[in-house]
1. Ignoring ligands, DNA and RNA, what percent of the 1.4 Å accessible area of region 1-72 is carbon and sulfur?
2. Run the 1.4 Å probe and let me know the accessible area of Val80, rounded to the nearest 10 Å².
3. Counting Lys and Arg as +1 and Asp and Glu as -1, what is the net charge of the other residues whose Cβ lies under 13 Å from the Cβ of Pro62?
Amino acid sequence: MGAYLWDLLVKEWLLFAAGAAWLLTSIHLGHAPVYTLRDTVPIFLLFALFVVIKGLERSRLPLLLARRLEQGGYLAPRLVLLTFALSMVVTIDVTKEPISKIPMGGNETEKMR
């Protein structure tokens, strides 16, 4: 049992570090953080993205695609085009407000009213 817990700690160290930071911050502030629905949407989307990525890793699809990609010539242009195409699909846009509505400080907040 102890070896299993140690392996889990070593494997998931970032999760435990984030949990410890959350706990220490809550103790320092005297209360747990308050999350709004707007805060939880990107967190949920990132969680879903990580679940999909882990599923793809376990299916060995990235390995098969990498082998297929290496077989032909022009590897560098292929990688650039693949990255360009994937960056348009795999993204999380958390901004719902146009840039012009975000107050920049000073008198701009008064102008918006």
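The values are calculated or read from the model by the stated rules, or taken from the named source; none is laboratory data. Small disclaimer: the values here were computed from a predicted structure and weren't measured. For neighbour counting, all protein chains shown are included, and Cβ atoms are generated from backbone atoms with ideal geometry for every residue, glycine included. Just the protein is used for accessible areas: all its heavy atoms, side chains included, with ligands, DNA and RNA removed. Shrake-Rupley method; radii C 1.70, N 1.55, O 1.52, S 1.80 Å.
1. Details: 4800 of 6580 Å².
The nonpolar share, carbon plus sulfur, comes to 73 percent.
2. 100
3. +3
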